[in-house]
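One structure is given here, and the rest of the page talks about it.
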Amino acid sequence: MSYLIKPKQYHALLDLQQTELGIKQIKSFFQQNLSSDLRLRRVTAPLFVLKGTGINDNLNGVEKAVSFSIKDMDNAEAEIVHSLAKWKRLTLADYNINEGYGIYTDMNAIRADEELGNLHSLYVDQWDWELVMPEENRNVDYLKEVVGRIYGALIRTEYLVYEMFPQITPILPSEIKFIHSEELLQMYPNLTTKERENEIAKKFGAVFIIGIGGKLSNGEPHDGRSPDYDDWSSKSKNGYYGLNGDLIIWNPILECALELSSMGIRVNKEILAEQLKVTNNEDRRNLYFHQRLLSGELPQSIGGGIGQSRLCMFYLRKGHIGEIQASIWPEDMRIEAEKAGMPLI
């Protein structure tokens, strides 16, 4: 069901024309910084892939992809992508990208099962990126290093927005806080996952929560994660599981945590086999993507996605993602959002 948060005393700081200018400048500046900091080259991405190849991201395993039949290919079924988590790794191999370099792309997707609200839309737009890394860097320290580079790009982009629109003052802390999901659970054992995220984001302003997908001491994962791209089952030297995580900041307009990025070190063939077994998905071993990974054809990589509309929403201090992107919304949400000062595009 859709759910609308009405920010207290909300007033848009930018009109529609200023907003569109801000979106353009933010997207251009941030992707240039991301490309430079991680040594990524831009590639062209698909909007849809063939069903049954294992390339599409199945998210939590319950979301249904939008699909259609291709008349000129004997009605073969295609799916609109959910994300490009696995497609990117295939591309690294097919383009022969060298170690220490990678790719990024504009990913556009449709998630028809999304619960609509201030932060969630049917339309998903993000920068998907993937970087070839050496096997010996499969550790939390390397994960933190890459997160730090991305956060540096976020800081620089926030200052660009301030130069363009002085009424929007920077609020991101100079450093991002790293915490494992198990540590977060121990800090707030009586809170739900989202409540824990709200508390830690409000406390530090920006946080990277490590370890998403594996079960914690309460028997539940912090959040769901597919078994065939992020490594959430490797054990680090401190005894915690997971080489992935979510980058979250505090949203002062909605007064809640705002996830900007999901990323991590990707599975190798041993971890893939283990995670498929644990999640009862061993039938995927016969799919195209999984066969190429298990046969050793794909490079070790780290990668993730960064939400474009969410990023712009935060920087431009908007109360609803529909103020940034054009999508479809329930009519009652449009009416109520308009009354709350949030006209949806």
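The values are calculated or read from the model by the stated rules, or taken from the named source; none is laboratory data. It should be emphasised that the depicted structure is a prediction, and the values quoted were computed from it without experimental measurement. Cβ sites come from the backbone with ideal geometry, for glycine too, and all protein chains shown count toward neighbours.
For beta carbons closer than 9 Å, sequence separation of 6+ or different chains, a first residue in segment 37-57 that is over 22 Å from Gln291 (Cα atoms) and a second that is in a strand (DSSP E or B) and of a type in the set (Ser, Thr, Tyr), the qualifying pairs are Leu38/Tyr104; Leu40/Tyr104; Arg41/Tyr104; Arg42/Tyr104; Arg42/Thr105; Val43/Tyr104; Val43/Thr105; Thr44/Thr105. Trp232 fulfils the conditions (1) outside any loop (DSSP other than H, G, I, E, B); (2) surrounded by 24 or more Cβ atoms within 10 Å (Cβ to Cβ) except for a single criterion, (1).
For segment 128-176, give me each residue that is in contact with a Lys or Arg (Cβ under 7 Å, 6 or more places away or on another chain) and farther than 28 Å from His11 by Cα. Show your work before the answer.
So in segment 128-176, the residues in contact with a Lys or Arg (Cβ under 7 Å, 6 or more places away or on another chain) come out as 128, 130, 168.
Asp128, Glu130, listed by residue number.
Hey, among the residues in segment 13-51 that are among the aliphatic types (A, V, I, L, M), in a helix (DSSP H, G or I) and modelled with pLDDT of 95 or more, which one's farthest from Arg89 (Cα to Cα)? Give the steps one after another, and end with the answer.
Within segment 13-51, the first condition is being among the aliphatic types (A, V, I, L, M), and the residues that meet it are 13-14, 16, 21, 23, 26, 34, 38, 40, 43, 45, 47, 49-50.
Checking which are in a helix (DSSP H, G or I) leaves us with 16, 21, 23, 26, 34, 38.
From the residues that got through so far, the ones that are modelled with pLDDT of 95 or more too are 21, 23, 26, 34, 38.
Numbers: Leu21: 33, Ile23: 29, Ile26: 27, Leu34: 18, Leu38: 16 Å.
Top of the filtered list is Leu21.
If you filter segment 265-294 down to residues that are touching a residue at least 24 places away in the same chain (Cβ under 8 Å) and outside any helix (DSSP H, G or I), you find that the one that is nearest to Ser236 (Cα to Cα) is Ile265.
Of all residues in segment 148-181, those that are touching a residue at least 12 places away in the same chain (Cβ under 8 Å) and under 15 Å from Gln25 (Cα atoms) total 11. In segment 239-262, the residues that are at positive phi reach residues that are of a type outside the set (A, V, I, L, M) and part of a loop (DSSP other than H, G, I, E, B) with C-beta atoms within less than 6 angstrom, at least six apart or across chains, in these pairs: Gly242/Gly211; Gly242/Gly214; Gly242/Trp232. If the condition is being surrounded by 23 or more Cβ atoms within 10 Å (Cβ to Cβ) and within 25 Å of Phe289 (Cβ to Cβ), then segment 235-252 contributes Gly242, Leu243, Asn244, Gly245, Asp246. Could you tell me whether any residue of segment 320-338 is among the β-branched types (Val, Ile, Thr) and in contact with a Cys (Cβ under 7 Å, 6 or more places away or on another chain)? Yes; the residues of segment 320-338 include at least one that is among the β-branched types (Val, Ile, Thr) and in contact with a Cys (Cβ under 7 Å, 6 or more places away or on another chain).
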